[in-house]
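A short worksheet on the structure shown next.
The values are calculated or read from the model by the stated rules, or taken from the named source; none is laboratory data. Note that this is a predicted model, so its numbers are computed, not measured. Heads up, the Cβs are rebuilt from the backbone with ideal geometry, glycines too, and the neighbour counts pull from every protein chain shown. Accessible surface areas use protein heavy atoms only, side chains included; no ligands, DNA or RNA. Shrake-Rupley method; radii C 1.70, N 1.55, O 1.52, S 1.80 Å.
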2 protein chains.
Amino acid sequence: MPTRDDCLQLDARDPLAGLREAFDLPPGVVYLDGNSLGPRPKAAAERAAQVVVQEWGQGLIRSWNDAGWFTLPRRLGDRLAPLIGAGPGEVLVTDTTSVNLFKLLAAMLAHQHARQPRRRAIVCERGNFPTDLHIAQGLAKLLQQGHELRLVDRAEDIPAALADDVAVLMLTQVDYRTGALHDMAALTALAHGHGALALWDLAHSAGALPVDLRGADADAAVGCTYKYLNGGPGSPAFLWVAPRWQAVFETPLSGWWGHAEPFAMEPQYRPDPGVGRFLCGTQAIVSQSLVACGLDVFERTDMACLRTKSLALTDLFIALVEERCAGFPLELVTPREHARRGSQVSWRHPQGYAVMQALIAAGVIGDYREPGILRFGFTPLYTRFVDVWEAVEALRDVLQNETWREARFQTRSAVT
Amino acid sequence: MPTRDDCLQLDARDPLAGLREAFDLPPGVVYLDGNSLGPRPKAAAERAAQVVVQEWGQGLIRSWNDAGWFTLPRRLGDRLAPLIGAGPGEVLVTDTTSVNLFKLLAAMLAHQHARQPRRRAIVCERGNFPTDLHIAQGLAKLLQQGHELRLVDRAEDIPAALADDVAVLMLTQVDYRTGALHDMAALTALAHGHGALALWDLAHSAGALPVDLRGADADAAVGCTYKYLNGGPGSPAFLWVAPRWQAVFETPLSGWWGHAEPFAMEPQYRPDPGVGRFLCGTQAIVSQSLVACGLDVFERTDMACLRTKSLALTDLFIALVEERCAGFPLELVTPREHARRGSQVSWRHPQGYAVMQALIAAGVIGDYREPGILRFGFTPLYTRFVDVWEAVEALRDVLQNETWREARFQTRSAVT
């Protein structure tokens, strides 16, 4: 079994070790929650000051052109594209994941409905992040056309759910709780084989592992920039539309930014000929500008290198927990196979919430998700092998000394 | 006619003069475009640094609770409420105006459709800001229920358009081109008298003049924080729902933030019992945090004082232009009556675009809107009477010396 010194050796040989310097990480903290909110790229402080003081303060209205504010969603999209296997002119950074999902799902359902009205099912996993399910439910209710959200309990049940009445297969590539990774190409091919379209949520895969939307022949995708892409709290989401659908899909959120000529100020909507039609209203420029700082760091490496280190980190974490926390009621809920694992590791524990609070109090920040799941994200841009060691030692201490009994009490008081 | 000295006297006696110090205004510029993008409150620089460096950088994921990020949309909404005649728990600062309009219009159409299916018309002005029309068009197309966008050419035509098939009267209180102000209470009463609901867009009235949503008995409203409220470029929009409708209207954009218990992570959507159901996805926190800096300034005055100065500024501007630019082909398109005027003054000129470019080059920043309209916003928080004088002198110079002939050429080159 690896020792702490072995971990230090791994760090010394890590070709990505230098990237950690690009981030501001509070002293005394092992941060394993970059799958919820990525840490701050150091450059973001200066960039925020530049946007607020110079671009807004001095440039004022002129900055819409002079500082390129109007084109930010497209420019950031083009920079993000290589991380998800997309090309230029295919990705927009805009709005929220929920809103983008609504735009794309509505466009896809309308497209199917116009051609094959019997296709009114949306196949999805019950364990998907709730907003994906909620958005589909709200859309189905709005449409009043008999659309059905068909939920499967296990990934293995997806093929059987793909009947001839399915309009869209809507999946999140990496499960937010378990960290299980879908085979995007295989499932997309399966959907297409049944006449359904495939819509992917990349919230936990963009920036976490190599994604190949074009290679998988996917139809559309959404994702998040504030997790593995380190864009800042609630930073704008992204969307991708396959080139073959860009001039076909119609957005229901037809706001003026998606108009073919926004400044012609025409009463009648005419969509932008390309992916730009999926823009809607004026974007939150300060938050949006900071997304660039996160993307800058990715240009110093590539997703294949990041994936190699990510798997080494999660392998090490699983091995160390199983050795050093043996005997405690921890159940691994993340797949052991590399091909089925994202960049996080989750364990179920009967007192999961309290254990995580105690860990956070001890300086190891992961997070908790119902039911009973301790979730740890491993982001190779800044996570060291020795961080894995320290995290496991802290977990062992919490379990052995039962500090979680006290932590739970403190936290519940703090919430009330 | 007033002289420059008279203007200086007016500034010396202005009880709001001290508020100008709260803003960063570039030297050598008369900024009359706060109706498009408000200037930077000085406090926004420090606040941005605090959110980025401290809350994000040091607090990391903990700031969702510790820094109150989760409750920002509601807390900012409660602070904004008094400016628009709303109460606590009625307003959210979230998403964009276009997205919020979609949520509310969809909710209102569904409510009407369920009770009186014949009500399928949305009455609107053809001259409304295009995104309002585009959103209604996209929604009608999505619904496939035969909804019609009924556009009137003149405000006087609204009553005749309110037939018994109207579901919603959707108006912008102050016209973005002409600055004309609607009588919200009278038009809302008229809509209600015909069984229609009234949805108001306050983009050019919130923070510009006293708005009384409750007093007018309006049903719902949206608006913008980056114009008169000085929230920053593209800062999040707001929405208001009358208390009587909060538990009735259903949002089609049913994202997880609008769930009754977001962290229960339930597959089935259950709406928040109040206005919170109109939240959708995770918000852009850095941009959102800066909205507070704009609202802070409003707490040092009230809308009645601001309205008095606003009308004095726009009266002065109209009088000075008519005297000092007499003989040039400027046509006033803003109503002269106070009761029908917002906080901007617009003039049509055959070479409007070039004239505005020349004015901007001369340090007077207004903006241009098709067709041929020079638009000047007067924002009493920081606009001085002497600024009005300087703007008119600059306009006179541009017209007299025809500097716009050169400016037009320069600008067109710059765009290509």
Surface accessible to a 1.4 Å probe, B:ARG150 within the full protein complex, Å²: 50 Å²
Other protein chain Cβ atoms within 10 Å, averaged over every residue that makes up A:60-66: 6
Entries of A:LYS42/B:LYS103; A:LYS227/B:LYS141; A:LYS42/B:LYS42; B:LYS42/B:LYS103; A:LYS141/B:LYS227; B:LYS103/B:LYS309 with Cα pairs more than 30 Å apart: A:LYS42/B:LYS103; A:LYS227/B:LYS141; B:LYS42/B:LYS103; A:LYS141/B:LYS227; B:LYS103/B:LYS309
Sites excluded, GluC sites (Glu not before Pro) in DSSP loops with at most 14 other C-beta within 10 Å, longest stretch of chain B: B:1-298
Between 0 and 90°, nearest 10: helix A:404-415 axis offset from chain A longest Cα axis: 40 degrees
List B:PHE70, A:PHE376, ordered by accessible area with a 1.4 Å probe, largest first: B:PHE70, A:PHE376
Region A:60-100-region B:70-145 distance, computed between alpha-carbon centres (Å): 26 Å
Shielding score for B:25-34, defined as the mean number of other chain Cβ atoms within 10 Å: 2
Gyration tensor (alpha-carbon) shape descriptor, chain B, a/c threshold 1.5: oblate
Those residues of region B:273-287 whose amide nitrogen sits under 17 Å from the label point placed on A:GLN144, 7 Å along Cα→Cβ: none
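When Cβ neighbours within 10 Å are restricted to other protein chains, what is their mean count per residue of peptide A:88-96? Kindly include the intermediate steps, with their values, before the conclusion.
Details: counts 0, 0, 0, 0, 0, 0, 1, 7, 11.
The per-residue average across the peptide is 2.
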Value of relative contact order over chain B, rounded to a whole percent, pairs C-alpha under 8 Å and six or more apart: 21 percent
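Please list A:LEU8, A:LEU332 from largest to smallest accessible area, probe radius 1.4 Å, with all protein chains kept in place.
Putting A:LEU8, A:LEU332 in descending order of accessible area: A:LEU8, A:LEU332.
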FRET efficiency, 1/(1 + (r/R0)^6) with R0 25 Å, evaluated for B:ARG270 and A:ASP157 via beta carbons: 0.50
Backbone N under 12 Å from the B:LEU311 label point (7 Å along Cα→Cβ), restricted to region B:17-57: none
Amide H contacts of B:ASP24 (H built 1.01 Å from N, under 5 Å, at least 5 apart or other chain): B:ARG40, B:LYS42
Cα lying deepest toward the dipole's positive end in the protein assembly as shown, options A:ALA136, A:ALA237, A:GLY195, charges on Cβ: A:GLY195
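When only C-alpha pairs under 8 Å and at least 6 residues apart count, what is the relative contact order of region A:56-142, in percent?
Reported relative contact order: 19 percent.
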0 to 90° range, to nearest 10: angle between helix A:352-361 axis and chain A longest Cα axis: 70 degrees
Note, ³J(HN,Hα) from phi for region A:67-77, Karplus 6.51, -1.76, 1.60, rounded to Hz, x at Gly and Pro: 9, x, 4, 4, 9, 3, x, 7, 5, 5, x
Cα shape, region A:320-390, gyration tensor, a/c 1.5 rule: rounded
Label-point separation in nm, A:ARG348 to A:ARG62, each point 7 Å along Cα→Cβ: 6.2 nm
Computed [θ] at 222 nm, helices only, for chain B once each DSSP H run of length n ≥ 4 contributes -39500 (n - 2.57): -11000 deg cm²/dmol
